[in-house]
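Structure, as structure tokens:
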Amino acid sequence: MKNYHIIKSALPALAFLSPLLMAAEENAPSTNEIQHIEGIPYKLDAGNLNEKVTYMVLTDMEGNKLWHRRYHPNATKMFLTPKGVIVQGQKTKLLDLQSGEELAEIDIKYRFSDNQSHIYGYRGSKNSKLVAYDLNTLQELWETKISKNSAPLWSVIEYPNDTTLIVSAENILRINLENGNTSELILNRSTKGASNKDVEMAIAAGGLLGGFIGGGIAGAILAGSHKSAPQSLISYPKFGATGSVVVTDSNGLHYVSDREKIVCFNDSLKELWSTPLPKKSGAYARLYLRGDTLDVLNTGMCRNIKFKFNLGKPFYASYSCSDGSQIAIQTLRKNWAKNVFGSALDFVDEDTYLFDEESGTYTPIPHHPLKYPVRTNDGKVAFIDPDFNSDDLYDQSEIFFKLSENADKITLAGFINGEIDTVEIDK
């Protein structure tokens, strides 16, 4: 797999995010990606034009800068549409493509665009209203009530048809994009009981801090840095949310966990089975599909922007995909080497790749049901079993983490010549 270095200015130093709360807009072009609008290629670049200020820059097909705009990367995201540039914040703004002039301010917190002219977002102090807006007419199409979203994440799961969208928010939503009719699968993503007593700041010394979701744009955190990624779409709650991202098997069935249970559901949001987790153990978890088996890593923690918090109990478990029956469960030993792993375990949440310097290749490290990657205090990555035995220990220069992917490329982040950088590899 040939790798290509991405221009560094397109990836400002990244800081602490909670990507489980981050909108993972698969349809929105990522930063530094060329998009054709009416046959003309444009590119929206994010970068530090000097050491103190971060700008978003729009360039045309010749590479000429059309305009630039200062923005706060922790609270704002910009991206291209045929109608102009969308700026997401507490309210959504539409900017003219050629001049950068503000065309409209829309009273929604943007989350998604289903086509070239309709956008969708939250409204209200509890994000309990979902709103559709037409960029052609600058008119609201519909508004519908949903359950409150204290952690307003948004990750697309599937389009069952042209007018229906299934997304993972704090709950799972099935939305009729034409009229706003919405059904929900309610989840418990509470962080009640989270404690930061004697837990250090979530900085792996010179290492890479993982996000709560792999697969979202900028789904990893580059630690050791004090500036923010250009992809954050959220206002942060007190703690990072819990539960897992949704995974989907080859039959189109979906799996998700929350504080209390693991659930299997279909496109109609019908619950096919639900299996309780051990009492008071649920926290942030990651799910892995392995044939007819669902493997679960429950991390025993949650995280906000700067800190990680103990919550629940860390364990590895496996369940049958057909009926949710528990195959095996192993709780991690309570006492581990704090001088090696810290007082709160920092599991790697992104897919990991092993870099071979001699061949210049990046090889994905396969999932193992009883070995999960965790960061050490000195920035290394160890694959540990429930007793904290590790046969595999990698230096930070050997491990790369998946940031994002499209149809042809995968973007990885890691250390190159001692500095944080990114590479693109062929899929």
> Which members of segment 312-334 meet the condition of being buried (at least 16 other Cβ atoms within 10 Å of the Cβ) and part of a loop (DSSP other than H, G, I, E, B)?
Replying inline: Gly312, Lys313, Pro314, Cys321, Gly324, Leu332
> Checking Leu287 against (1) under 21 Å from the mean Cα position of the chain (by Cα); (2) within 15 Å of Ser190 (Cα to Cα), which test does it fail?
Replying inline: (2)
> So which residues in segment 78-116 are assigned to a loop (DSSP other than H, G, I, E, B) and at pLDDT 85 or above?
Replying inline: Lys83, Lys91, Asp96, Leu97, Gln98, Ser99, Gly100, Glu101, Asp107, Ile108
> If we scan segment 388-396, do we find a residue that is more than 18 Å from Phe347 (Cβ to Cβ) and surrounded by fewer than 21 Cβ atoms within 10 Å (Cβ to Cβ)?
Replying inline: yes
> Got a number for residues in segment 410-420 being surrounded by fewer than 17 Cβ atoms within 10 Å (Cβ to Cβ) and part of a strand (DSSP E or B)?
Replying inline: 2
> So which residues in segment 301-318 are more than 20 Å from Pro366 (Cβ to Cβ) and modelled with pLDDT of 85 or more, if there are any at all?
Replying inline: Gly312, Lys313, Pro314, Phe315
> Which residues, taken from segment 139-150, are at pLDDT below 90 and more than 19 Å from the chain's Cα centre (by Cα)?
Replying inline: Ser147, Lys148
> What tally of residues in segment 151-169 results from selecting those that are crowded, with 17+ Cβ neighbours inside 10 Å and either more than 22 Å from Gly89 (Cβ to Cβ) or at pLDDT below 85 (or both)?
Replying inline: 11
> Is there a residue in segment 279-289 that is polar (S, T, N, Q), modelled with pLDDT of 90 or more and part of a strand (DSSP E or B)?
Replying inline: no
> Could you list, in sequence order, the residues of segment 357-397 that are polar (S, T, N, Q) and more than 17 Å from Leu332 (Cβ to Cβ)?
Replying inline: Ser359, Thr361, Thr363, Asn377, Gln396, Ser397
> Any residue at all in segment 405-412 that is more than 23 Å from the chain's Cα centre (by Cα) and either touching a residue at least 40 places away in the same chain (Cβ under 8 Å) or at negative phi (or both)?
Replying inline: no
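The values are calculated or read from the model by the stated rules, or taken from the named source; none is laboratory data. Computed from a prediction, not measured in an experiment: that's the story for all the values here. Methodologically, a virtual Cβ is constructed for each residue, glycine included, from the backbone with ideal geometry; neighbour enumeration extends over all protein chains shown.
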